[in-house]
Amino acid sequence: MKKRIIQAILPFLALLLAGCTTGKISDFDSIQEYTLKNKNGMIVKITNYGATITSIQVPDRDGNFADVALGYNSVEEYINAIDRPYFGAVVGRYGNRIAEGKFTLDGKKYTLATNNGDNHLHGGNMGFDKVVWRAKLIDNSLELSYLAKDGEEGYPGNFQITMTYTLTDDNEIVMNYKATTDKSTPVNLTNHTYFNLAGEGSGTINNHLLQINASHFTPVDEGLITTGELRKIEGTPFNFLTPKAIGQDLDSENEQLTFGKGYDHNWVLDREGSGMETAAVLYEPNSGRVLEVITEEPAIQFYGGNFLDGRLTGKSGKIYSHRNGMCLETQHSPDSPNKPDWPSCILHPGEEYNTTTIYKFSTK
């Protein structure tokens, strides 16, 4: 049986709680951090605040361990972080952006919270990253559940989600999301871990080699809202079909790179079916660490840490500067509720949302 360590996080000070609007005070008293460890010595730490991965410790090619996930040492820091970067959290009810926070479903118009300029991002002001989930350890897994009530952040339906993290002896973090609703509602759940395979706080990710198994991406406007176009990557800086350094084409003259201040875009995967397939592979040549992202989802967002600006200090006491971490978020394409020609993101009563993504670590 895999070793599991539960570390309780100290209750919040009354002054801190008085300034929080997520949940009840009793909810915050139940916040804990859970540690999963496999037979290889890999360690994953997770808190039930935001269903957040707080640490991923994996070996390099010489067997030396490092924490490859950006984050903080305390839940207070996650709550009070400048600009809420979503380090390690599960985001939803709809991850990524919805234009102007509006969509029409079954003939009814809905207006969501707008928390990213004029747009809705990652579930709104109080998305799933900012609530306390119920947690239960089951063998080598951590099961987290949350009920988002009808009207929360503007979404229709009482939405019950159960999200499970499992650490395998193959150095895989298996993330399974299941959900039901009593009203039709858009759903797009993903994990928002920032990776640096050289170790968090170790500098830029621009030397990492990235491969994305996608021949098309979805261009955005100046507000980072998808235009509805599906554009070929051929001949553009967005071509990652074969591995290349992330920084190789960042200085190219390209309107899309200007809009995103670098890479902050959605790639539509070249899928062969509806099962688990490799979406992306990330390699850091100095350490030899490899991250493979395997998913059932139709698309993936590659965010290159463009908005990290040196104002945040991470768990090792080092400042997180421009492009010191990156995200690979499996998902439906952004603003899908307003793009009827794209794969549907709508969950109906009587259906079950059920999707899995795996972060698999190795070395070479």
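Here is a list: LYS136, LYS149. Which entry is in contact with a strand residue (DSSP E or B) (Cβ under 7 Å, 6 or more places away or on another chain) and either modelled with pLDDT under 95 or not assigned by TED's automatic domain parsing to the domain that holds GLU222 (or both)?
Within the list LYS136, LYS149, the selection yields LYS136.
Might you check whether a residue that is under 30 Å from ASP169 (Cβ atoms), in contact (Cβ under 8 Å) with a residue 12 or more places away in the chain and part of a strand (DSSP E or B) occurs anywhere in the range 100-107?
No, the range 100-107 contains no residue that is under 30 Å from ASP169 (Cβ atoms), in contact (Cβ under 8 Å) with a residue 12 or more places away in the chain and part of a strand (DSSP E or B).
Hey, does the range 267-274 have a residue that's at pLDDT below 95 and of a type in the set (S, T, N, Q)?
yes
Kindly provide the set of residues from the range 10-54 that are among the polar types (S, T, N, Q), within 29 Å of GLU153 (Cα to Cα) and modelled with pLDDT of 50 or more, ordered by number.
Selection gives SER26, SER30, GLN32, THR47, ASN48, THR52, THR54.
Can you name every residue in the range 186-213 that is crowded, with 23+ Cβ neighbours inside 10 Å and over 18 Å from the mean Cα position of the chain (by Cα)?
Matches in the range 186-213: HIS208 only.
Among ILE98, ILE161, ILE82, which is at pLDDT below 95 and either among the β-branched types (Val, Ile, Thr) or touching a His at 6+ places or on another chain (Cβ under 6 Å) (or both)?
On inspection, the qualifying residue turns out to be ILE82.
Return yes or no: is GLU222 among the acidic types (Asp, Glu), surrounded by 17 or more Cβ atoms within 10 Å (Cβ to Cβ) and either at negative phi or in the same structural domain as LEU282 (by TED's automatic domain parsing) (or both)?
It is false that GLU222 is among the acidic types (Asp, Glu), surrounded by 17 or more Cβ atoms within 10 Å (Cβ to Cβ) and either at negative phi or in the same structural domain as LEU282 (by TED's automatic domain parsing) (or both).
Restricting to the range 311-350, count the residues that are within 17 Å of the chain's Cα centre (by Cα) and of a type in the set (Lys, Arg).
The qualifying residues number 1.
Yes or no, residue by residue, for (1) more than 28 Å from ASN40 (Cβ to Cβ); (2) within 20 Å of the chain's Cα centre (by Cα); (3) surrounded by fewer than 17 Cβ atoms within 10 Å (Cβ to Cβ):
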| site | (1), (2), (3) |
| --- | --- |
| SER55 | no, yes, no |
| PHE65 | no, no, yes |
| VAL68 | no, yes, no |
| ILE82 | yes, yes, yes |
| GLU100 | yes, no, no |
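So which residues in the range 299-310 are farther than 15 Å from SER202 by Cβ and under 15 Å from the mean Cα position of the chain (by Cα)?
Passing the criteria: ALA299, ILE300, GLN301, PHE302, TYR303, GLY304.
Of the residues in the range 260-283, how many are more than 16 Å from the chain's Cα centre (by Cα) and surrounded by 23 or more Cβ atoms within 10 Å (Cβ to Cβ)?
Qualifying residue count for the region: 1.
From the residues in the range 136-158 that are surrounded by 18 or more Cβ atoms within 10 Å (Cβ to Cβ), assigned to a loop (DSSP other than H, G, I, E, B) and not small (Gly, Ala, Ser), which one is nearest to the chain's Cα centre (by Cα)?
Residue satisfying both the conditions and the ranking: TYR155.
Among LEU224, LEU282, LEU257, LEU250, which is within 18 Å of ASP335 (Cβ to Cβ) and modelled with pLDDT of 95 or more?
LEU224
Tell me whether the range 254-275 contains one or more residues that are among the aromatic types (Phe, Trp, Tyr) and in a strand (DSSP E or B).
Yes, the range 254-275 has at least one match.
The values are calculated or read from the model by the stated rules, or taken from the named source; none is laboratory data. Please read all numbers here as calculations on a predicted model, not as lab measurements. Cβ sites come from the backbone with ideal geometry, for glycine too, and all protein chains shown count toward neighbours.
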